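Everything on this sheet refers to the single structure shown next.
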Amino acid sequence: MLDISKLKYAVFDWDNTLADTKPHLIETISIVLKEYNLPGWDIVKRRRDPRLSFRDNFVHIFGPDLAAEAYERYVGLYQNGKDSSLITFPGVKSVLDNLYGHGVRLFIMTNKDRRLFDLELPLLFDPRLFTRTVAGHEAPRDKPSPEQVYFLLEGLLKPGEITPENVWIIGDSPQDSSCALAAGARPVRIGRPIWDDDAGIDNRVVWFRDFMDFAAALKAG
């Protein structure tokens, strides 16, 4: 049972958590991989460093000489291909409404490029619902580093004041959970990660199959 009586801040990931962006991400990176004569997504994604964000893994995928160029090509294709077909997941609205109704302040913490995130956020939610948002390369280091959490909550909580009771970090990936644990927050995992790299879930992580299950647990609590 989840107790939200002491919860102050709920921090959500974006890709594959609040927004079903996985199809568009894979479609776009697949085009770029083909243009650079590289193998497909299922093969190339094994080259990634799990300690780095999607953006910062371009150096491992395309090499140091082509990483920046390939990333900008990805951004351009992603921007041009995005439209109002973006959807969220069943149960997300119920979770957000429940937390907001209990006075919990909502945040988004994503490694996604701000140029792409700002395009997508208003397609699904009123941006005013969220107290703050932080995107990739805005904090000193991105998730899974706890520095992104400290940057997001600056002026609200000092690093030593973050506890599993007052801050939850909700996301789909091991990086989200590792970030939460490193910062002292409660990691809440929803579903399975976009990278399909989940070897196992730490017993300190609260895991739900989907947002419908998460919403039911909140109501029960």
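The values are calculated or read from the model by the stated rules, or taken from the named source; none is laboratory data. All values reported here derive from a predicted model rather than from experimental measurement. Positions of Cβ are backbone-derived with ideal geometry, glycine not excepted, and every protein chain shown enters the neighbour counts. Side chains included, ligands, DNA and RNA excluded: accessible areas come from the protein's heavy atoms. Shrake-Rupley method; radii C 1.70, N 1.55, O 1.52, S 1.80 Å.
What the table shows:
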{"item": "Scan of the range 139-149 for residues that are over 13 Å from Trp14 (Cβ atoms) and either out of contact with any helix residue (DSSP H, G or I) (no Cβ under 6 Å at 6 or more places or on another chain) or open to solvent by 60 Å² or more (accessible area, probe 1.4 Å) (or both), ordered by number", "result": "Pro140, Arg141, Ser145, Glu147"}
{"item": "Whichever residue in the range 166-195 is closer than 25 Å to Pro23 by Cα and out of contact with any strand residue (DSSP E or B) (no Cβ under 9 Å at 6 or more places or on another chain) and, among such residues, is surrounded by the fewest Cβ atoms within 10 Å (Cβ to Cβ)", "result": "Arg192"}
{"item": "Selection from the range 31-42 of residues that are over 18 Å from Pro193 (Cβ atoms), in a helix (DSSP H, G or I) and open to solvent by 40 Å² or more (accessible area, probe 1.4 Å)", "result": "Ile31, Lys34, Glu35"}
{"item": "Residue count for the range 1-30, restricted to those that are without any contact (Cβ under 8 Å) to a residue 12 or more places away in the chain, over 18 Å from Tyr100 (Cβ atoms) and open to solvent by 50 Å² or more (accessible area, probe 1.4 Å)", "result": "1"}
{"item": "Close pairs from the range 113-125: first farther than 22 Å from Lys93 by Cβ, partner of a type outside the set (Ser, Thr, Tyr) and in a helix (DSSP H, G or I), Cβ under 8 Å, at least 6 apart", "result": "Asp113/Arg55; Asp113/Val75; Arg115/Val75; Arg115/Gln79; Leu116/Val75; Leu116/Gln79"}
{"item": "Qualifying positions in the range 117-160 - at pLDDT 95 or above and small (Gly, Ala, Ser)", "result": "Ala135, Gly136, Ala139, Gly155"}
{"item": "In the range 105-132, the residues that are closer than 24 Å to Lys8 by Cα, crowded, with 16+ Cβ neighbours inside 10 Å and touching a helix residue (DSSP H, G or I) at 6+ places or on another chain (Cβ under 7 Å)", "result": "Leu106, Phe107, Met109, Thr110, Asn111, Leu121, Arg132"}
